[in-house]
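Presented below is the structure to which this report refers.
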Amino acid sequence: MNTDIIISETDFGKIAVSSPFNHDLVKGAKRLGGKWSGDTKVWLFDVRDRDRVEDLLASCYGYSVAPSGELATVRIILDEDNASGKEVYFAGRSICSRRYRDVPVKTADNVVIIDGEFPASAGSVRYPAVIRGSRTVTIEVRDVPVEALAAEKELRFERIDADTQAQREALIAERERLIARLAEIDEALND
């Protein structure tokens, strides 16, 4: 997900930012004097504002100039309270949407449905919705850079890979102890 944000310098003293659509980014970009280039589909900023642009990207997407590379998987329960619009965002990126009332919900490539199902139709012609009524859908969003988790301000989520990482570390430590013990046994047998 961090690879969907690209910052580059142009030949004419500007920096170009390519990123997924985000309402907060649009507002922040305008405040910084950014200009949208419809031809190249990038925001253009004065190169002197690079730090401010990076701060804006961090607040909108959890962008990091030097990401750790650590990825997380999170579980989210969607319902009418958090998915009653036509699009649901997580960490500044669209994770599911319904373009028209009677079309199926489209999920991002890194989203899987764990429990429930989206209604075949939701909302009105003018205001389609991902979910309406009492239905709930549990999804997992995979391969989220851990830095992006800090950017999430709306949806409640549970990080589900944290236990897996702790288990992995425990297994590695146990393996190292067993290897050391096997070396001791081999040495004792060779004496």
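The values are calculated or read from the model by the stated rules, or taken from the named source; none is laboratory data. If you're wondering where the values come from, they're calculated on a predicted model, not measured in any experiment. Cβ atoms come from the backbone with ideal geometry, glycine included; neighbour counts cover every protein chain shown. Surface areas here come from the heavy atoms of the whole protein model, side chains and all, with no ligands, DNA or RNA. Shrake-Rupley method; radii C 1.70, N 1.55, O 1.52, S 1.80 Å.
If each residue of separation counts as 0.36 nm, what is the full-extension length gain between GLU80 and SER134 once their alpha-carbon separation is subtracted?
Stretched fully, the GLU80-SER134 segment lengthens by 18.7 nm.
Once the principal axes of the Cα atoms of the stretch 76-129 are found, what is the range along each, listed largest first in whole angstroms?
The Cα atoms of the stretch 76-129 stretch 27, 23, 21 Å along their principal axes.
Rounded, prolate or oblate, given the Cα gyration tensor of the chain, with a/c below 1.5 counting as rounded? Write down the numbers at each step before the final one.
Values: a/c = 3.48, a/b = 1.40, b/c = 2.49.
Cα axes put the chain in the oblate bin.
Could you give me the radius of gyration and the Dmax of the stretch 74-170, taking only the C-alpha atoms into account and expressing both in angstrom?
Cα-based Rg and Dmax for the stretch 74-170 come out at 14.3, 53 Å.
Please give the length that would be gained between LEU71 and VAL125 if that part of the chain were fully extended, namely 0.36 nm times their separation in residues minus their C-alpha to C-alpha distance (nm, one decimal).
15.7 nm
Between ALA173 and ASP191, what is the spin-label point distance in nm, taking each point 7 Å from the Cα along the Cα→C-beta axis?
Those two pseudo-labels are separated by 2.9 nm.
With only Lys, Arg, Asp and Glu charged, each at its Cβ (+1 for the first two, -1 for the last two), find how big the charge dipole of the stretch 72-147 is about the Cα centre; round to the nearest 20 debye.
It comes to approximately 380 debye.
Over the chain, average the accessible area per residue using a 1.4 Å probe and give it in Å², no decimals. The partial results should precede the final answer.
Numbers: 12210 Å² over 191 residues.
Value for the chain: 64 Å² per residue.
With a Förster radius of 30 Å, plug the Cβ-Cβ distance of HIS23 and LYS106 into 1/(1 + (r/R0)^6) and report the FRET value to the nearest 0.05.
My answer for the efficiency is 0.95.
Along the charge dipole of the stretch 1-80, Cβ charges K/R +1 and D/E -1, which of TRP36, GLY62, SER8 sits furthest on the positive end?
TRP36
Let me test this: with uniform point scatterers at the alpha carbons of the stretch 131-191, what is the Debye-based log₁₀ I(q)/I(0) at q = 0.13, 0.28, 0.29, 0.30 1/Å?
-0.62, -1.16, -1.18, -1.21
If you average the sequence gap of Cα pairs under 8 Å that are 6 or more apart and divide by the length of the stretch 1-141, what percent do you get for the contact order? Please list the in-between numbers first.
Working: 247 pairs, mean separation 27.5, N = 141.
Relative CO of the stretch 1-141 lands at 20 percent.
Given a 1.4 Å probe and the protein chains all in place, what does the accessible area of ARG50 round to, in Å² to the nearest 10?
70 Å²
Report in % the part of the accessible area of the chain that belongs to carbon and sulfur, leaving out ligands and nucleic acids; probe 1.4 Å.
With neighbouring chains kept in place, the figure for the chain is 49 percent.
Test of the criteria: in the stretch 3-71, which GluC sites (Glu not before Pro) are in a DSSP loop and have at most 13 other Cβ atoms within 10 angstrom of their Cβ?
Hits after loop and neighbour filter: GLU70.
Work from the charge dipole of the stretch 47-191 (Cβ charges, +1 for Lys and Arg, -1 for Asp and Glu, about the Cα centre) and give the residue of ALA170, VAL112, SER94 farthest towards its positive end.
Looking along the dipole axis, the top candidate is SER94.
What spacing in nm lies between the two simple spin-label points modelled at LEU182 and ASP49, each 7 Å away from Cα in the Cβ direction?
5.9 nm
Please give the helix 162-190 orientation as an angle from the longest Cα principal axis of the chain, in degrees from 0 to 90, rounded to the nearest 10.
The answer is roughly 20 degrees.
Nearest 10 degrees, 0 to 90: what angle lies between the long axis of helix 50-61 and the longest principal axis of the chain (Cα atoms)?
For helix 50-61, the angle is close to 80 degrees.
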